[in-house]
Amino acid sequence: MLVVMEEHAAEEQIQAVIDKLVGLGFDVHRSTGALHTILGGVGDRDFEAAEFEVMPGVKEAHRIVSPYKLVHRGFRPEGSIVRVGEVAIGGEAVVVMAGPCSVETKDQIERIAALVAEAGAKVLRGGAFKPRSSPYSFQGLGEEGLRLMREAAGRNGLLVVSEVMDTTQIPLLAQYADILQVGARNMQNYALLRELGRLRKPVLLKRGPAATIEEWLLSAEYLAAGGNYDIIPCERGIRTFETYTRNTMDISAIPVVKKLSHLPVAADPSHGTGRRDKVPPMARAALAAGADALVIEVHHDPDNAWSDGAQTIGPEQFRELMGQLRMIAPAVGRSL
């Protein structure tokens, strides 16, 4: 349930509502917006909304019938902004996260970090631990890759996002990365989500290849239920009967999630299509559809990338794409 307090409700009035919710057996999550404090009661309990509406300082009370309560738009009607240092994801500016599929060498990540920063990216993406379908494929450099990426990002004024694959890797990733990515294969790894919910670092949550939007948002709810509200759902394509592209990029999911949830939404056109010639048009479409961030695979020599070269764009393509995005953004009330 949601209890919306009056604009100038006193702290003791807010605490009285919290105490009543706790007494009924709810777990209480508090959200303070620009005008109102909103109290979210999570739990399966019988109650009458009128019980709360008559309490001093309460503006209104509502049942939330949606299975996800804390990431529901009603919990923060004005929307959420995930702030990482000086970067704000969910505000007016669209944030670009760019870099290679995987960290390969010191020279490689240094060159790519410099080129994406110069073009206007704010976050360096790259994998140090790579979940590959084949056990014989390159699996990443591990901690050495994280160290190289952190150093390259620091020299170029970038943040770092990288994937965490299981609970044992969380302390290591938290040491090096500013944003922890949950890959599509792990979207419903609930043990991992619970642990990340206890972490106070932003999580980029990729949609599973066969996940519905509701299932995706319920995975986000696991993170919020643990107290971590800094969640960025990322559309990265779903599996359909179409075989021309690696996945089918669900652009419609972006405005749908933004209507259902207060969370900022990212889009990954590289995994969404699996084809580098389709990355720019889908990135442009995602921005126009309302994406708050774009995750794009970039390599200085994509034809010789150690992983996912077919979906990775080169320096000139990336610079051209950034120029196009800067022209599109003002038309939809955004900046880059």
Condition first: farther than 25 Å from I89 by Cα and among the hydroxyl-bearing types (S, T, Y). Now tell me which residues in segment 124-183 satisfy that. S133, S134, Y136, S137, T167, T168
For segment 220-236: of the residues being among the small types (G, A, S) and out of contact with any strand residue (DSSP E or B) (no Cβ under 6 Å at 6 or more places or on another chain), which is surrounded by the fewest Cβ atoms within 10 Å (Cβ to Cβ)? G227
Please go through segment 31-64 and give me each residue that is loosely packed, with under 13 Cβ neighbours inside 10 Å and under 21 Å from G226 (Cβ atoms), ordered by number. T32, D44, R45
Filter segment 101-118 for residues that are more than 18 Å from P269 (Cα to Cα) and part of a helix (DSSP H, G or I) and give the result. K106, D107, Q108, I109, E110, R111, I112, A113, A114, L115, A117, E118
I'd like to verify a number: residues in segment 283-321 that are in a helix (DSSP H, G or I) and in contact with a Ser or Thr (Cβ under 6 Å, 6 or more places away or on another chain), how many? 2
Could you check segment 324-336 and list, in sequence order, the residues that are surrounded by 13 or more Cβ atoms within 10 Å (Cβ to Cβ) and either assigned to a helix (DSSP H, G or I) or of a type in the set (A, V, I, L, M) (or both)? Q324, L325, R326, I328, A329, L336
Would you check if R155 is at pLDDT 95 or above, among the basic types (K, R), under 22 Å from A293 (Cα atoms) and in the same structural domain as E316 (by TED's automatic domain parsing)? no
Filter segment 29-59 for residues that are in a loop (DSSP other than H, G, I, E, B), over 10 Å from V4 (Cβ atoms) and of a type in the set (A, V, I, L, M, F, W, C); which is modelled with the lowest pLDDT? A34
Restricting segment 119-140 to residues that are surrounded by fewer than 21 Cβ atoms within 10 Å (Cβ to Cβ) and in contact (Cβ under 8 Å) with a residue 12 or more places away in the chain, which is nearest to M165 (Cα to Cα)? P131
Do we find that V116 is within 16 Å of the chain's Cα centre (by Cα), within 23 Å of A293 (Cβ to Cβ) and modelled with pLDDT of 95 or more in this structure? no
Return yes when S307 is crowded, with 24+ Cβ neighbours inside 10 Å and farther than 18 Å from G90 by Cα and no when it is not. no
Flag for K20 being touching a Phe, Trp or Tyr at 6+ places or on another chain (Cβ under 8 Å), without any contact (Cβ under 8 Å) to a residue 60 or more places away in the chain and of a type in the set (K, R): yes
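Here is a yes/no grid of residues against (1) more than 15 Å from F129 (Cα to Cα); (2) surrounded by 20 or more Cβ atoms within 10 Å (Cβ to Cβ); (3) touching a residue at least 24 places away in the same chain (Cβ under 8 Å):
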| site | (1), (2), (3) |
| --- | --- |
| V161 | no, yes, yes |
| T167 | no, no, yes |
| A177 | no, yes, yes |
| G183 | no, yes, yes |
| Q188 | yes, no, yes |
| L193 | yes, yes, yes |
Going by what's in this entry, would V95 be described as touching a residue at least 24 places away in the same chain (Cβ under 8 Å) and either within 29 Å of I328 (Cα to Cα) or aromatic (F, W, Y) (or both)? yes
Are any residues in segment 238-258 buried (at least 17 other Cβ atoms within 10 Å of the Cβ), part of a loop (DSSP other than H, G, I, E, B) and in contact with a Pro (Cβ under 7 Å, 6 or more places away or on another chain), and if so, which ones? N247, M249
Evaluate segment 76-91: report whether one residue or more is surrounded by 15 or more Cβ atoms within 10 Å (Cβ to Cβ), in a helix (DSSP H, G or I) and touching a Ser or Thr at 6+ places or on another chain (Cβ under 9 Å). no
Applying the selection to segment 162-220, what residues are part of a loop (DSSP other than H, G, I, E, B), within 18 Å of S102 (Cα to Cα) and within 13 Å of the chain's Cα centre (by Cα)? D178, G183
Scan of segment 60-69 for residues that are assigned to a loop (DSSP other than H, G, I, E, B) and either among the hydroxyl-bearing types (S, T, Y) or under 15 Å from V4 (Cβ atoms) (or both), ordered by number: R63, I64, S66, Y68, K69
Yes or no: D27 more than 33 Å from the chain's Cα centre (by Cα), within 29 Å of V257 (Cα to Cα) and not hydrophobic (A, V, I, L, M, F, W, C)? no
Scanning for something over 22 Å from the mean Cα position of the chain (by Cα) and surrounded by fewer than 24 Cβ atoms within 10 Å (Cβ to Cβ), does segment 292-300 turn up at least one residue? yes
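The values are calculated or read from the model by the stated rules, or taken from the named source; none is laboratory data. All figures in this text were calculated on a predicted structure; none of them were measured in a lab. Ideal geometry is used to build each Cβ from the backbone, glycine not excepted, and the neighbour counts take in all protein chains shown.
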